[in-house]
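Here is the structure we will look at, set down as C-alpha coordinates.
The values are calculated or read from the model by the stated rules, or taken from the named source; none is laboratory data. Everything numeric here is computed off the predicted structure, so don't read it as measured data. All Cβ positions, even for glycine, are placed from backbone atoms using ideal geometry, and neighbour counts span all protein chains on display. These accessible areas exclude ligands, DNA and RNA; they are computed on the full protein's heavy atoms, side chains included. Shrake-Rupley method; radii C 1.70, N 1.55, O 1.52, S 1.80 Å.
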Amino acid sequence: MNSINFSNVSVAVAVDGSDAPKTLLQDVSLDLRERRIGVIGANGSGKSTLLRLVNGLVEPSQGSVVVHGHNTVHDVRKVRANVGFVFTDPLSQLVMPTGREDVELSLRRSIKNRQERASRAESVLERFGILHLADQSIYELSGGERQLLALAAVLAVDPAVLVLDEPSTLLDLRNRELLRRTMSGLEQQVIMSTHDLDLAADMDRVLVVEAGRIVFDGGPSAAVAHYRCAVRGEPGGSGPMRGHGFLLANYVRGDSLVHRTPLWAKFLVVAACGAASFLIVDWLVSLLVLALLCGIFLLTGAGFRRLLRAVWLVAPILLVIGAFQWWQLGGPTAARIVLNVLVCVVAASILTATTPVQDLLDGVVRLARPFQRWGADPERFALTIAIMLRSIPFIAGAFSDVRDAARARGLERNPKALILPVFISTVAYARQTGDALAARGLGEADDYPEPPPGRG
(Lines give C-alpha, C1' and ligand atoms only; values in the text may rest on other atoms or scores of the structure.)
Protein backbone atom coordinates (compact mmCIF):
# COMPACT_ATOMS: atom_id res chain seq x y z
CA MET A 1 0.00 0.00 0.00
CA ASN A 2 1.22 3.53 -0.82
CA SER A 3 2.13 5.57 2.22
CA ILE A 4 1.23 8.94 3.70
CA ASN A 5 4.36 10.59 5.03
CA PHE A 6 4.61 13.41 7.57
CA SER A 7 8.14 14.81 7.82
CA ASN A 8 8.84 17.12 10.81
CA VAL A 9 5.46 18.81 10.40
CA SER A 10 4.40 21.77 12.54
CA VAL A 11 1.38 24.04 12.16
CA ALA A 12 1.17 27.47 13.81
CA VAL A 13 -1.49 30.17 13.41
CA ALA A 14 -1.69 33.83 14.37
CA VAL A 15 -3.69 34.64 17.50
CA ASP A 16 -5.55 37.86 18.20
CA GLY A 17 -3.89 39.97 20.87
CA SER A 18 -0.64 38.00 20.87
CA ASP A 19 2.58 38.49 18.96
CA ALA A 20 3.46 34.83 19.30
CA PRO A 21 1.63 32.33 17.05
CA LYS A 22 -0.32 29.45 18.53
CA THR A 23 1.09 26.02 17.75
CA LEU A 24 -1.60 23.54 16.74
CA LEU A 25 0.72 20.70 15.78
CA GLN A 26 4.40 20.27 16.51
CA ASP A 27 7.21 18.07 15.17
CA VAL A 28 5.04 15.31 13.71
CA SER A 29 6.82 12.62 11.71
CA LEU A 30 4.75 9.63 10.58
CA ASP A 31 4.67 6.97 7.90
CA LEU A 32 1.06 5.81 7.56
CA ARG A 33 0.65 2.54 5.61
CA GLU A 34 -1.97 0.60 7.58
CA ARG A 35 -5.45 0.07 6.10
CA ARG A 36 -7.30 1.45 9.15
CA ILE A 37 -5.77 4.25 11.25
CA GLY A 38 -7.50 5.93 14.19
CA VAL A 39 -6.71 9.26 15.81
CA ILE A 40 -7.90 9.96 19.36
CA GLY A 41 -7.37 12.80 21.82
CA ALA A 42 -9.13 15.60 23.66
CA ASN A 43 -10.94 18.48 21.95
CA GLY A 44 -8.41 21.04 20.77
CA SER A 45 -5.53 18.56 20.88
CA GLY A 46 -4.78 18.84 17.16
CA LYS A 47 -6.70 15.86 15.70
CA SER A 48 -8.61 17.84 13.09
CA THR A 49 -5.48 19.76 12.10
CA LEU A 50 -3.65 16.46 11.59
CA LEU A 51 -6.45 15.14 9.36
CA ARG A 52 -6.79 18.37 7.36
CA LEU A 53 -3.10 18.19 6.51
CA VAL A 54 -3.72 14.91 4.66
CA ASN A 55 -6.16 16.57 2.26
CA GLY A 56 -4.30 19.88 1.91
CA LEU A 57 -7.00 21.83 3.74
CA VAL A 58 -4.25 22.96 6.13
CA GLU A 59 -0.71 23.68 4.98
CA PRO A 60 2.23 22.88 7.25
CA SER A 61 4.08 25.90 8.66
CA GLN A 62 7.16 23.72 8.66
CA GLY A 63 7.97 20.31 7.22
CA SER A 64 6.03 18.48 4.52
CA VAL A 65 3.19 16.02 3.99
CA VAL A 66 3.39 13.65 1.01
CA VAL A 67 0.39 11.51 0.03
CA HIS A 68 1.13 8.68 -2.40
CA GLY A 69 4.08 10.61 -3.79
CA HIS A 70 2.29 13.98 -4.04
CA ASN A 71 3.16 16.96 -1.85
CA THR A 72 0.02 18.46 -0.27
CA VAL A 73 1.19 22.02 -0.96
CA HIS A 74 2.67 21.77 -4.46
CA ASP A 75 0.43 18.98 -5.83
CA VAL A 76 -2.77 19.73 -3.93
CA ARG A 77 -5.11 18.91 -6.84
CA LYS A 78 -3.58 15.44 -7.25
CA VAL A 79 -3.73 14.94 -3.48
CA ARG A 80 -7.45 15.79 -3.35
CA ALA A 81 -8.11 13.47 -6.27
CA ASN A 82 -6.69 10.69 -4.09
CA VAL A 83 -8.04 11.75 -0.69
CA GLY A 84 -11.73 12.02 0.18
CA PHE A 85 -12.69 13.98 3.30
CA VAL A 86 -15.85 13.53 5.38
CA PHE A 87 -16.64 16.27 7.91
CA THR A 88 -18.23 15.86 11.33
CA ASP A 89 -21.48 17.50 10.28
CA PRO A 90 -22.66 16.20 6.91
CA LEU A 91 -24.85 19.26 6.40
CA SER A 92 -21.73 21.38 6.04
CA GLN A 93 -20.64 19.10 3.22
CA LEU A 94 -23.80 18.22 1.29
CA VAL A 95 -24.24 20.83 -1.41
CA MET A 96 -27.37 19.92 -3.33
CA PRO A 97 -30.97 19.61 -2.08
CA THR A 98 -31.17 15.83 -2.62
CA GLY A 99 -28.79 12.89 -2.40
CA ARG A 100 -29.05 12.02 -6.06
CA GLU A 101 -28.10 15.56 -7.11
CA ASP A 102 -25.23 15.67 -4.63
CA VAL A 103 -23.65 12.44 -5.83
CA GLU A 104 -24.07 13.55 -9.44
CA LEU A 105 -22.30 16.78 -8.56
CA SER A 106 -19.30 14.78 -7.33
CA LEU A 107 -19.20 12.99 -10.68
CA ARG A 108 -19.44 16.07 -12.91
CA ARG A 109 -15.70 16.40 -13.39
CA SER A 110 -15.04 12.75 -14.22
CA ILE A 111 -18.19 11.87 -16.19
CA LYS A 112 -19.32 14.43 -18.76
CA ASN A 113 -22.26 12.47 -20.20
CA ARG A 114 -25.37 13.27 -18.20
CA GLN A 115 -27.08 9.88 -18.59
CA GLU A 116 -23.92 8.00 -17.71
CA ARG A 117 -23.45 10.26 -14.70
CA ALA A 118 -27.01 9.63 -13.50
CA SER A 119 -26.57 5.87 -13.91
CA ARG A 120 -23.32 5.89 -11.96
CA ALA A 121 -24.90 7.98 -9.18
CA GLU A 122 -27.71 5.44 -8.86
CA SER A 123 -25.26 2.57 -8.59
CA VAL A 124 -23.30 4.41 -5.87
CA LEU A 125 -26.46 5.13 -3.86
CA GLU A 126 -27.59 1.53 -4.28
CA ARG A 127 -24.21 0.28 -3.07
CA PHE A 128 -24.72 2.16 0.20
CA GLY A 129 -28.34 1.03 0.49
CA ILE A 130 -29.78 4.54 0.25
CA LEU A 131 -31.15 4.60 -3.30
CA HIS A 132 -34.67 4.83 -1.87
CA LEU A 133 -33.63 8.12 -0.25
CA ALA A 134 -32.11 9.56 -3.42
CA ASP A 135 -34.83 12.13 -4.10
CA GLN A 136 -35.62 13.14 -0.53
CA SER A 137 -34.49 16.51 0.84
CA ILE A 138 -31.29 16.13 2.85
CA TYR A 139 -33.14 17.85 5.71
CA GLU A 140 -35.69 15.04 5.84
CA LEU A 141 -32.98 12.43 6.44
CA SER A 142 -31.74 11.15 9.79
CA GLY A 143 -28.21 11.87 10.99
CA GLY A 144 -27.04 8.41 9.97
CA GLU A 145 -28.63 8.68 6.53
CA ARG A 146 -26.98 12.06 5.97
CA GLN A 147 -23.62 10.67 7.03
CA LEU A 148 -24.02 7.73 4.64
CA LEU A 149 -24.98 10.16 1.89
CA ALA A 150 -21.89 12.28 2.59
CA LEU A 151 -19.80 9.10 2.43
CA ALA A 152 -21.43 8.12 -0.86
CA ALA A 153 -20.79 11.56 -2.37
CA VAL A 154 -17.11 11.40 -1.40
CA LEU A 155 -16.56 7.76 -2.42
CA ALA A 156 -18.37 8.19 -5.76
CA VAL A 157 -15.08 9.38 -7.29
CA ASP A 158 -13.15 6.37 -5.90
CA PRO A 159 -10.46 8.09 -3.78
CA ALA A 160 -7.61 5.91 -2.57
CA VAL A 161 -7.76 7.37 0.95
CA LEU A 162 -10.80 8.28 3.05
CA VAL A 163 -10.35 10.76 5.92
CA LEU A 164 -13.18 11.10 8.43
CA ASP A 165 -13.21 13.81 11.09
CA GLU A 166 -15.22 12.48 14.06
CA PRO A 167 -17.96 10.97 11.86
CA SER A 168 -19.94 9.45 14.75
CA THR A 169 -20.21 12.59 16.89
CA LEU A 170 -23.76 13.47 15.77
CA LEU A 171 -25.04 9.90 15.51
CA ASP A 172 -27.16 7.79 17.85
CA LEU A 173 -26.23 4.19 18.65
CA ARG A 174 -28.15 2.62 15.74
CA ASN A 175 -26.69 4.97 13.15
CA ARG A 176 -23.22 4.68 14.67
CA GLU A 177 -23.35 0.91 14.22
CA LEU A 178 -24.57 1.41 10.64
CA LEU A 179 -21.60 3.68 9.96
CA ARG A 180 -19.26 1.17 11.61
CA ARG A 181 -20.47 -1.70 9.39
CA THR A 182 -20.24 0.47 6.28
CA MET A 183 -16.66 1.50 6.99
CA SER A 184 -15.59 -2.07 7.66
CA GLY A 185 -16.47 -3.00 4.08
CA LEU A 186 -14.61 -0.14 2.40
CA GLU A 187 -11.60 -0.86 0.20
CA GLN A 188 -10.00 2.54 0.82
CA GLN A 189 -7.33 3.28 3.38
CA VAL A 190 -9.23 4.97 6.22
CA ILE A 191 -7.87 7.61 8.61
CA MET A 192 -10.43 8.60 11.22
CA SER A 193 -10.46 10.81 14.29
CA THR A 194 -12.99 9.86 16.91
CA HIS A 195 -14.04 10.17 20.55
CA ASP A 196 -15.71 6.75 20.25
CA LEU A 197 -13.15 4.38 21.76
CA ASP A 198 -15.10 1.35 20.48
CA LEU A 199 -14.62 2.63 16.94
CA ALA A 200 -10.95 3.27 17.68
CA ALA A 201 -10.61 -0.34 18.83
CA ASP A 202 -11.54 -1.50 15.30
CA MET A 203 -8.48 0.20 13.82
CA ASP A 204 -5.15 -1.42 12.88
CA ARG A 205 -3.13 1.47 14.31
CA VAL A 206 -4.11 4.34 16.61
CA LEU A 207 -2.41 7.68 17.22
CA VAL A 208 -2.99 9.57 20.46
CA VAL A 209 -2.70 13.34 20.07
CA GLU A 210 -2.15 15.65 23.02
CA ALA A 211 -1.32 19.37 22.92
CA GLY A 212 -0.32 19.19 19.28
CA ARG A 213 2.02 16.21 19.64
CA ILE A 214 1.75 12.49 18.94
CA VAL A 215 2.19 11.08 22.43
CA PHE A 216 1.43 7.45 21.55
CA ASP A 217 1.52 5.46 18.32
CA GLY A 218 0.69 1.78 18.35
CA GLY A 219 -1.97 -0.91 18.48
CA PRO A 220 -5.58 0.05 19.34
CA SER A 221 -5.78 -1.63 22.75
CA ALA A 222 -2.54 -0.09 24.01
CA ALA A 223 -3.44 3.32 22.53
CA VAL A 224 -6.88 3.38 24.16
CA ALA A 225 -5.37 2.31 27.50
CA HIS A 226 -2.76 5.07 27.23
CA TYR A 227 -5.45 7.65 26.45
CA ARG A 228 -7.64 6.54 29.37
CA CYS A 229 -4.71 6.84 31.77
CA ALA A 230 -3.75 10.25 30.40
CA VAL A 231 -7.20 11.79 30.91
CA ARG A 232 -7.93 10.46 34.39
CA GLY A 233 -8.39 13.44 36.64
CA GLU A 234 -7.73 15.91 33.81
CA PRO A 235 -10.68 17.96 32.55
CA GLY A 236 -11.14 18.02 28.78
CA GLY A 237 -10.80 21.29 26.94
CA SER A 238 -12.54 22.79 23.99
CA GLY A 239 -10.61 24.08 21.01
CA PRO A 240 -11.42 27.39 19.41
CA MET A 241 -14.16 27.59 16.78
CA ARG A 242 -12.46 27.26 13.45
CA GLY A 243 -12.93 30.05 10.95
CA HIS A 244 -15.83 31.72 12.75
CA GLY A 245 -14.63 35.28 12.52
CA PHE A 246 -16.39 38.49 13.41
CA LEU A 247 -17.42 41.16 10.95
CA LEU A 248 -17.02 43.78 13.68
CA ALA A 249 -14.22 43.81 16.24
CA ASN A 250 -15.15 41.98 19.44
CA TYR A 251 -14.75 43.65 22.82
CA VAL A 252 -11.23 44.25 24.11
CA ARG A 253 -10.69 45.18 27.74
CA GLY A 254 -8.98 48.50 28.24
CA ASP A 255 -8.91 51.88 29.95
CA SER A 256 -8.45 54.15 26.97
CA LEU A 257 -10.29 57.43 26.55
CA VAL A 258 -12.59 55.73 24.04
CA HIS A 259 -13.37 52.95 26.53
CA ARG A 260 -14.37 55.59 29.09
CA THR A 261 -16.45 57.61 26.64
CA PRO A 262 -20.21 57.41 27.47
CA LEU A 263 -22.14 54.94 25.38
CA TRP A 264 -24.51 57.59 24.07
CA ALA A 265 -21.55 59.51 22.63
CA LYS A 266 -20.27 56.40 20.84
CA PHE A 267 -23.73 55.75 19.42
CA LEU A 268 -23.81 59.36 18.27
CA VAL A 269 -20.46 58.97 16.46
CA VAL A 270 -21.66 55.81 14.68
CA ALA A 271 -24.91 57.55 13.68
CA ALA A 272 -22.98 60.61 12.48
CA CYS A 273 -20.69 58.41 10.37
CA GLY A 274 -23.71 56.71 8.87
CA ALA A 275 -25.24 60.08 8.00
CA ALA A 276 -21.94 61.41 6.71
CA SER A 277 -21.70 58.50 4.28
CA PHE A 278 -24.63 60.07 2.42
CA LEU A 279 -23.43 63.66 2.75
CA ILE A 280 -19.73 63.47 1.89
CA VAL A 281 -19.22 63.98 -1.84
CA ASP A 282 -15.42 64.19 -2.01
CA TRP A 283 -13.47 60.94 -1.77
CA LEU A 284 -10.50 62.76 -0.23
CA VAL A 285 -12.67 63.87 2.70
CA SER A 286 -13.87 60.25 3.08
CA LEU A 287 -10.24 59.10 3.12
CA LEU A 288 -9.34 61.63 5.84
CA VAL A 289 -12.32 60.58 7.99
CA LEU A 290 -11.39 56.91 7.55
CA ALA A 291 -7.76 57.62 8.51
CA LEU A 292 -8.95 59.49 11.62
CA LEU A 293 -11.23 56.61 12.67
CA CYS A 294 -8.47 54.04 12.09
CA GLY A 295 -6.19 56.12 14.32
CA ILE A 296 -8.86 56.20 17.04
CA PHE A 297 -9.34 52.44 16.73
CA LEU A 298 -5.63 51.82 17.21
CA LEU A 299 -5.56 54.17 20.21
CA THR A 300 -8.08 51.90 21.96
CA GLY A 301 -5.42 49.17 22.11
CA ALA A 302 -7.53 46.75 20.08
CA GLY A 303 -4.64 46.28 17.67
CA PHE A 304 -4.06 46.46 13.95
CA ARG A 305 -4.96 42.80 13.41
CA ARG A 306 -8.54 43.28 14.63
CA LEU A 307 -8.90 46.35 12.45
CA LEU A 308 -7.59 44.46 9.44
CA ARG A 309 -9.94 41.55 10.11
CA ALA A 310 -12.99 43.82 10.28
CA VAL A 311 -12.05 45.41 6.95
CA TRP A 312 -10.89 42.18 5.29
CA LEU A 313 -14.24 40.42 5.70
CA VAL A 314 -16.05 43.12 3.70
CA ALA A 315 -13.24 43.51 1.16
CA PRO A 316 -14.66 41.07 -1.47
CA ILE A 317 -18.05 42.84 -1.41
CA LEU A 318 -16.43 46.27 -1.61
CA LEU A 319 -14.28 45.11 -4.50
CA VAL A 320 -17.39 44.16 -6.49
CA ILE A 321 -19.21 47.37 -5.53
CA GLY A 322 -16.18 49.50 -6.36
CA ALA A 323 -15.66 47.87 -9.76
CA PHE A 324 -19.32 48.32 -10.70
CA GLN A 325 -19.43 51.96 -9.58
CA TRP A 326 -16.16 52.66 -11.41
CA TRP A 327 -17.70 51.28 -14.58
CA GLN A 328 -20.94 53.21 -14.11
CA LEU A 329 -19.89 56.50 -12.50
CA GLY A 330 -16.11 56.73 -12.66
CA GLY A 331 -13.17 56.35 -10.28
CA PRO A 332 -13.80 59.23 -7.81
CA THR A 333 -17.40 58.18 -7.14
CA ALA A 334 -16.40 54.52 -6.74
CA ALA A 335 -13.65 55.49 -4.29
CA ARG A 336 -16.06 57.69 -2.29
CA ILE A 337 -18.68 54.93 -1.97
CA VAL A 338 -16.16 52.28 -0.92
CA LEU A 339 -14.44 54.61 1.56
CA ASN A 340 -17.77 55.68 3.08
CA VAL A 341 -18.72 52.05 3.70
CA LEU A 342 -15.35 51.49 5.38
CA VAL A 343 -15.97 54.58 7.53
CA CYS A 344 -19.17 52.96 8.83
CA VAL A 345 -17.49 49.59 9.42
CA VAL A 346 -14.57 51.09 11.37
CA ALA A 347 -16.87 53.38 13.40
CA ALA A 348 -19.05 50.41 14.38
CA SER A 349 -15.91 48.40 15.19
CA ILE A 350 -14.75 51.14 17.57
CA LEU A 351 -18.10 50.86 19.36
CA THR A 352 -18.03 47.05 19.67
CA ALA A 353 -14.30 46.90 20.54
CA THR A 354 -14.68 49.30 23.48
CA THR A 355 -18.12 48.33 24.81
CA PRO A 356 -19.00 45.02 26.51
CA VAL A 357 -21.90 43.30 24.75
CA GLN A 358 -24.17 43.47 27.81
CA ASP A 359 -23.54 47.20 28.17
CA LEU A 360 -24.27 47.60 24.49
CA LEU A 361 -27.58 45.77 24.80
CA ASP A 362 -28.54 47.74 27.90
CA GLY A 363 -27.81 50.90 25.96
CA VAL A 364 -30.03 49.71 23.12
CA VAL A 365 -32.84 49.09 25.61
CA ARG A 366 -32.49 52.62 27.00
CA LEU A 367 -32.41 54.15 23.54
CA ALA A 368 -35.51 52.23 22.49
CA ARG A 369 -37.62 53.04 25.57
CA PRO A 370 -39.05 56.34 24.18
CA PHE A 371 -40.56 54.29 21.36
CA GLN A 372 -42.63 52.15 23.74
CA ARG A 373 -45.54 54.55 23.34
CA TRP A 374 -45.78 53.41 19.71
CA GLY A 375 -45.71 49.73 20.65
CA ALA A 376 -41.97 49.12 20.37
CA ASP A 377 -40.51 46.53 22.75
CA PRO A 378 -37.00 47.58 23.91
CA GLU A 379 -36.09 44.15 25.29
CA ARG A 380 -37.06 42.39 22.10
CA PHE A 381 -35.17 44.96 20.08
CA ALA A 382 -32.07 44.33 22.19
CA LEU A 383 -32.56 40.57 21.77
CA THR A 384 -32.65 41.09 18.01
CA ILE A 385 -29.34 42.95 18.18
CA ALA A 386 -27.83 40.14 20.26
CA ILE A 387 -28.97 37.51 17.77
CA MET A 388 -27.58 39.60 14.93
CA LEU A 389 -24.18 39.82 16.63
CA ARG A 390 -24.27 36.08 17.29
CA SER A 391 -25.28 35.34 13.69
CA ILE A 392 -22.44 37.25 12.05
CA PRO A 393 -19.70 34.83 13.18
CA PHE A 394 -21.94 31.86 12.39
CA ILE A 395 -22.47 32.97 8.80
CA ALA A 396 -18.77 33.77 8.39
CA GLY A 397 -17.88 30.38 9.86
CA ALA A 398 -20.49 28.60 7.71
CA PHE A 399 -18.88 30.08 4.62
CA SER A 400 -15.43 28.97 5.84
CA ASP A 401 -16.63 25.41 6.53
CA VAL A 402 -18.50 25.15 3.23
CA ARG A 403 -15.51 26.53 1.33
CA ASP A 404 -13.25 23.86 2.88
CA ALA A 405 -15.81 21.15 2.09
CA ALA A 406 -15.94 22.36 -1.53
CA ARG A 407 -12.14 22.42 -1.72
CA ALA A 408 -11.96 18.89 -0.33
CA ARG A 409 -14.25 17.72 -3.15
CA GLY A 410 -12.50 19.77 -5.83
CA LEU A 411 -15.51 22.11 -6.22
CA GLU A 412 -13.86 25.35 -5.08
CA ARG A 413 -14.61 27.01 -8.44
CA ASN A 414 -18.28 26.07 -8.45
CA PRO A 415 -20.34 29.09 -7.24
CA LYS A 416 -23.31 26.86 -6.44
CA ALA A 417 -21.14 24.69 -4.20
CA LEU A 418 -20.14 27.79 -2.20
CA ILE A 419 -23.29 29.90 -2.09
CA LEU A 420 -26.18 27.44 -1.85
CA PRO A 421 -24.98 25.54 1.26
CA VAL A 422 -24.30 28.81 3.11
CA PHE A 423 -27.80 30.03 2.29
CA ILE A 424 -29.38 26.74 3.38
CA SER A 425 -27.26 26.62 6.56
CA THR A 426 -28.23 30.18 7.44
CA VAL A 427 -31.95 29.45 7.05
CA ALA A 428 -31.60 26.27 9.09
CA TYR A 429 -29.61 28.19 11.71
CA ALA A 430 -32.39 30.80 11.94
CA ARG A 431 -34.93 28.05 12.57
CA GLN A 432 -32.71 26.39 15.18
CA THR A 433 -32.20 29.75 16.89
CA GLY A 434 -35.96 30.29 17.01
CA ASP A 435 -36.46 26.86 18.59
CA ALA A 436 -33.67 27.53 21.12
CA LEU A 437 -35.18 30.87 22.07
CA ALA A 438 -38.62 29.31 22.45
CA ALA A 439 -37.19 26.55 24.64
CA ARG A 440 -35.74 29.20 26.96
CA GLY A 441 -38.88 31.30 26.91
CA LEU A 442 -37.18 34.22 25.19
CA GLY A 443 -38.77 36.44 22.58
CA GLU A 444 -42.37 35.64 23.48
CA ALA A 445 -44.76 38.57 23.42
CA ASP A 446 -46.21 37.68 26.81
CA ASP A 447 -42.78 37.83 28.42
CA TYR A 448 -42.56 41.58 28.08
CA PRO A 449 -44.70 44.26 29.66
CA GLU A 450 -47.34 45.89 27.51
CA PRO A 451 -46.84 49.56 26.70
CA PRO A 452 -48.71 51.88 29.01
CA PRO A 453 -52.40 52.20 28.03
CA GLY A 454 -53.53 55.23 26.13
CA ARG A 455 -50.06 56.13 24.90
CA GLY A 456 -50.01 55.27 21.23
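Could you list the trypsin sites (Lys or Arg not before Pro) in the range 248-316 that lie in coil according to DSSP, counting only those with at most 11 other Cβ atoms within 10 Å of their Cβ?
Details: sites: 253, 260, 266, 305, 306, 309; in loops: 253.
Passing both the DSSP loop test and the Cβ count: 253.
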- Counting only Cα, what are the radius of gyration and maximum Cα-Cα distance Dmax of the range 104-241, in Å? 17.8, 59
- Task: Show me 414-426, 78-90 ranked by packing, highest mean number of other Cβ atoms within 10 Å first.
- Result: 78-90, 414-426
- Would you please give the FRET efficiency between residue 132 and residue 169, computed as 1/(1 + (r/R0)^6) with r the Cβ-Cβ distance and R0 = 30 Å, to the nearest 0.05? 0.70
- Item | Average silhouette area of the range 135-193, convex hull of alpha-carbon atoms, in square nanometres | 4.2 nm²
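Roll a 1.4 Å probe over the protein chains and send me the accessible area per residue for the range 263-376 in Å². Each step should come with its number before you reach the end.
Values: 6540 Å² over 114 residues.
Per-residue value: 57 Å².
Could you work out the relative contact order of the range 38-82, using alpha carbon pairs under 8 angstrom and six or more residues apart, expressed as a whole percent? Walk me through the numbers on the way to the answer.
Details: 34 pairs, mean separation 12.4, N = 45.
Reported relative contact order: 27 percent.
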- Message: What distance in nm separates the two pseudo spin-label positions at residue 222 and residue 260, each 7 Å out from Cα along the beta-carbon direction?
- Response: 6.3 nm
- Message: Once each part is reduced to its C-alpha centroid, what is the distance from the range 275-342 to the range 181-230 in angstrom?
- Response: 50 Å
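Leaving out ligands, DNA and RNA, what percent of the accessible area of the range 1-93 is carbon and sulfur, probe 1.4 Å? Please report the intermediate quantities before stating the final value.
Details: 1680 of 3790 Å².
Of all accessible area on the range 1-93, carbon and sulfur atoms account for 44 percent.
I need the peptides 316-328, 143-155 ranked by packing, meaning the mean over residues of other C-beta atoms within 10 angstrom, with the highest value on top. Mind showing how you got there, number by number?
Values: 316-328: 12.9, 143-155: 23.8.
Order by mean packing, descending: 143-155, 316-328.
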- Cross-link reach from residue 416 to lysines, straight Cα distance under 26 Å and at least 8 residues apart if same chain, gives 78, 112
- How large are Rg and Dmax for the range 39-169 when only the alpha carbon atoms are used, in Å? 15.7, 47
- Query: Ranked highest first by average number of other Cβ atoms within 10 Å, how do 112-124, 210-222 line up?
  - Reply: 210-222, 112-124
